[in-house]
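What follows is a single structure, written as structure tokens, with notes after it.
Coordinate-derived values only; no laboratory data. Because the structure is predicted, anything quoted here is derived from the model rather than measured. Please note: Cβ atoms are built from the backbone with ideal geometry, for glycine as well, and neighbour counts cover all protein chains shown.
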Amino acid sequence: RSLAKNMGIESRIPEGPAIALGAMEGSLYEMIQVYSTLANRGKKVDLHTIERIETSNGTIIYEHQIEEKPEQVIRPEHVDIMTHLLQSVVDSGTARRLRYRHGLYGEIAGKTGTTQKQSDGWFIGYKSNLVAGAWVGAENPSVHFRSLSLGQGANTALPIWGHFMQKIYKDKSFKSIRYAKFQKPDEFTLAQIECDPYIPD
């Protein structure tokens, strides 16, 4: 709970083991803040909506000031492990259709999510220099899809993210995003995550 708060969750987090599975109410804005902290290797930079306001002749009225030293809320090596795990979601898990259906290649990490009775579908994905998320749902959880096949995050929110990222990939001015790479984990961190992808019977 403390780590989630430090990474950007402002909503009430209930006490109990189920929060490890995401059993809490949170906004898309909060989740983007959390994943931005992951993309930034554990340094939390507060989100903002206005970068700069200037007059027609170029006089700057307002410019957002970024902290010179953003707070390190989670150790970089722990983020490297998490990013490695979330890359596997895209490479071989519930978000793999980003590869074969949307044609998105390069390094991408992300996570799909589906709440009880398919009332909410999520996908948050990130590269080292871009974080984006999609949420499909309603204010009232009684409004929901009738089946998991229709309402899971991989079928509702993920295609929105995929179409958005396709546009990013096609725009030459965003080439740095398309080819962005994650920081390579050090040898000690790699040793910690070096294990078989399954346990034999």
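Taking springs between alpha-carbon atoms closer than 10 angstrom, which of Pro76, Pro185, Pro17 fluctuates most in the Gaussian network model of the chain? Per the Cα network of the chain with a 10 Å cutoff, Pro17 tops the list.
Think of the chain as having a plus end and a minus end, set by charges on the Cβ of Lys, Arg, Asp and Glu; of Ser36, Ser2, Asn140, Asn140 sits farthest toward the positive end of this dipole. Applying the Karplus relation 6.51 cos²θ - 1.76 cosθ + 1.60 with θ = phi - 60° to the stretch 97-102 yields 3J(HN,Hα) values of 5, 4, 7, 8, 9, 9 Hz, where x marks Gly and Pro.
P(r) tail, the stretch 43-144: Cα-Cα pairs separated by more than 21 Å, 56% of all pairs. Computed across the stretch 1-100, the Kirkwood radius stands at 16.0 Å (inverse of mean 1/r, all Cα pairs).
Which of the three applies to the chain, rounded, prolate or oblate, going by the alpha-carbon gyration tensor with a ≥ b ≥ c and a/c under 1.5 meaning rounded? Here the chain falls in the rounded category. Spin-label pair Asp171-Lys184: with each label point 7 Å from Cα along the Cα-Cβ axis, the two points sit 3.1 nm from one another. Shape call for the stretch 86-201 from the C-alpha gyration tensor, a ≥ b ≥ c root eigenvalues: rounded (a/c under 1.5), prolate (a/b greater than b/c) or oblate? Oblate is the answer for the stretch 86-201, as a/c is 1.5 or above yet b/c matches or exceeds a/b. Only Lys, Arg, Asp and Glu carry charge here, each on its Cβ (+1 for the first two, -1 for the last two); on that basis the stretch 144-201 has a dipole of about 720 debye about its Cα centre.
Per-residue Karplus couplings for the stretch 158-164, computed as 6.51 cos²θ - 1.76 cosθ + 1.60 with θ equal to phi - 60°, are listed in order as 4, x, 4, 5, x, 5, 4 Hz, Gly and Pro entered as x.
If exposed means no more than 15 neighbouring beta carbons inside 10 Å and the site is in a DSSP loop, what's the longest run of the chain without any exposed chymotrypsin sites (Phe, Trp or Tyr not before Pro)? Segment 1-104 is the longest. Inverting the pair-averaged 1/r between distinct Cα atoms of the stretch 95-137 gives 11.3 Å as its Kirkwood hydrodynamic radius. Using the Karplus relation 6.51 cos²θ - 1.76 cosθ + 1.60 with θ = phi - 60°, the per-residue 3J(HN,Hα) values for the stretch 18-23 come to 5, 5, 5, 9, x, 7 Hz, with x marking Gly and Pro. Given the options Asp46, Asp80, Asp91, which has the most mean-square fluctuation in a GNM of the chain, springs set between C-alpha atoms less than 10 angstrom apart? The residue that fluctuates most here is Asp46. The radius of gyration of the Cα set in the stretch 78-117, together with its Dmax, comes out at 11.0, 33 angstrom. How many percent of the alpha carbon pairs in the stretch 141-201 exceed a separation of 14 Å? Distances greater than 14 Å cover 76 percent of the Cα pairs.
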